[in-house]
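Presented below is the structure to which this report refers.
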Amino acid sequence: MSDERDIYSDEQRIADFDYMWEHACSLLFSNDDVYVRPIAKAHRVVRKVVSEWHEEPLIRYLYAPATKVRRRLEVQGYTREKCIELWEREYARHIGHLEKLRGVDDDFNAQIDAQRGLTYEEWEAWQTEQAQLGTFFKWGGMQHFNFTDRFAEFALHLDVHKPQGIWTEYPEYFDPELPLHTNLQRDPVSEYDLDIIEATGTALILTEGHSDTKILSAAIKAMYPEFADMYQFVDFEEFKIEGGASPLTKMVRAFAGVRMSQRIIALFDNDAAGMEQKAVLERMKLPASIRAMVLPNSSIGRRYPTIGPEGLRTMNINGAACSIELFLGKAALTDENGNLRPVRWSSWNKASARYQGELENKNAATTEFLKAMKSGATPAQLRKKFKEMDDLLKAIFSAFG
């Protein structure tokens, strides 16, 4: 019989997640991974595993494709590079421990010698071979070693074994009217100084204004719905928060001053004011939980129409007038006459020694983009159509990578 706190990789139970089930589910699953199905219509892997003990006509469970789970872990900080780095530290510690036991017998010594100098690539090749033979990923024992961070270990399991799906039963005591993450509402805190990758949990994205927040929130929900529960935004309208680059810097400094544990991404426009304010924050010693970044350079912004004292000119506006609207796609940036909405130069920024500009009729561009996000197109179709927005979202997702 299974415990409802068991988490499975296809048909194989993942050890040691039961004691931190809520935290594991908050990292691995999103709100749209909840299923309530007649047992006969449940996912075939779930149905096969639970058939021995499940007696109710309906089954409630969480199920997500393994590729989606891996992407969520990556956004949480479990990048391949970080996991390999942690593997190398754990491996060095493992070999050091074995060396202290050298001399038990000749066979033991031979096994230690066989493991010395093992690279991650060699270990991964061996694990892949075992996977092809049907052997499940195992840790412990003399030949292998244990990770302190179970999520880093699990991320490598996904990389090596490439299962189809990750799932777990969904407790009956959870309120079906509430989202998954509201039901999970617990955040275990480690009491030990462990060698782990600290998961980001929900990240707070701070922008220069309401329009930026509205665009990013809609883009994440439509293009990466599996990440929508992992990011929060400040409500500019409800709390009457002042917008702009300088107020954003003040907000970041306030959060840094109270040492918030929640991870925060401060996103500035790629313009004169944004570059100046990011430089201000870089001179401060921000806590590791805060990242300040500017919008990436826009490809369409390399040659973009501008209006200034010299009339209409085509210029590279990256670093001078590149706002989030430059990532909304050419259709949103085009006016009713088929021309790109120009950037109008407004003022000279002394600190950055460049002019500050702003896109004309930004609201029309935003409206067009938000309409596209609600068009019913699939996330994959939207990512393909809005390549620059996709690149921006990927930059945000990797802020703590």
Item to check | Lone unmet requirement of (1) open to solvent by less than 10 Å² (accessible area, probe 1.4 Å); (2) in a helix (DSSP H, G or I); (3) not hydroxyl-bearing (Ser, Thr, Tyr) for MET20 | outcome: (1)
Next on the checklist: Looking at SER289, SER298, can you tell me which residue is under 25 Å from GLY77 (Cβ atoms) and of a type in the set (Ser, Thr, Tyr)?
Outcome noted: SER289
Checklist outcome for this item: Counting only residues in the stretch 200-216 that are touching a residue at least 60 places away in the same chain (Cβ under 8 Å) and of a type in the set (Val, Ile, Thr), the one surrounded by the fewest Cβ atoms within 10 Å (Cβ to Cβ) is identified as THR202
Checklist outcome for this item: Scanning the stretch 217-252 residue by residue, those open to solvent by 30 Å² or more (accessible area, probe 1.4 Å), within 22 Å of the chain's Cα centre (by Cα) and aromatic (Phe, Trp, Tyr) turn out to be PHE233
Checklist entry - Listed residues LEU178, LEU194, LEU204, LEU158; which is assigned to a loop (DSSP other than H, G, I, E, B) and either touching a helix residue (DSSP H, G or I) at 6+ places or on another chain (Cβ under 6 Å) or at pLDDT 80 or above (or both)? => result LEU178
Checklist entry - If we scan the stretch 4-16, do we find a residue that is of a type outside the set (Asp, Glu), touching a residue at least 60 places away in the same chain (Cβ under 8 Å) and exposed (fewer than 15 other Cβ atoms within 10 Å of the Cβ)? => result yes
Checklist entry - Which one of these does ASN270 not meet: (1) open to solvent by less than 10 Å² (accessible area, probe 1.4 Å); (2) modelled with pLDDT under 85? => result (2)
Item to check | Count of residues meeting criterion [buried (at least 19 other Cβ atoms within 10 Å of the Cβ), small (Gly, Ala, Ser) and farther than 21 Å from SER299 by Cβ] in the stretch 355-398 | outcome: 0
Item to check | the stretch 36-52, subset in contact (Cβ under 8 Å) with a residue 40 or more places away in the chain and open to solvent by 50 Å² or more (accessible area, probe 1.4 Å), residue nearest to ASP159 (Cα to Cα) | outcome: HIS43
Item to check | Per-region count, the stretch 284-309, residues more than 22 Å from LEU204 (Cα to Cα) and either at pLDDT below 90 or open to solvent by less than 20 Å² (accessible area, probe 1.4 Å) (or both) | outcome: 6
Checklist entry - So which residues in the stretch 60-91 are among the small types (Gly, Ala, Ser) and either open to solvent by 60 Å² or more (accessible area, probe 1.4 Å) or outside any helix (DSSP H, G or I) (or both), if there are any at all? => result ALA64, GLY77
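Listed here are the residues, each with its yes/no results for (1) farther than 20 Å from HIS210 by Cα; (2) in contact with a Ser or Thr (Cβ under 7 Å, 6 or more places away or on another chain); (3) assigned to a helix (DSSP H, G or I); (4) not charged (D, E, K, R).
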site: LYS240; (1), (2), (3), (4): no, no, no, no
site: ALA254; (1), (2), (3), (4): no, no, yes, yes
site: GLY274; (1), (2), (3), (4): no, no, yes, yes
site: VAL280; (1), (2), (3), (4): yes, yes, yes, yes
site: PRO305; (1), (2), (3), (4): yes, yes, no, yes
site: ARG344; (1), (2), (3), (4): yes, no, no, no
site: SER347; (1), (2), (3), (4): yes, no, no, yes
Next on the checklist: Could you go through the stretch 319-331 and let me know if any residue there is under 27 Å from VAL75 (Cβ atoms) and part of a strand (DSSP E or B).
Outcome noted: yes
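The values are calculated or read from the model by the stated rules, or taken from the named source; none is laboratory data. If you're wondering where the values come from, they're calculated on a predicted model, not measured in any experiment. Please note: Cβ atoms are built from the backbone with ideal geometry, for glycine as well, and neighbour counts cover all protein chains shown. Ligands, DNA and RNA are stripped out before the accessible areas are found, and what is left, the full protein with its side chains, is counted by its heavy atoms. Shrake-Rupley method; radii C 1.70, N 1.55, O 1.52, S 1.80 Å.
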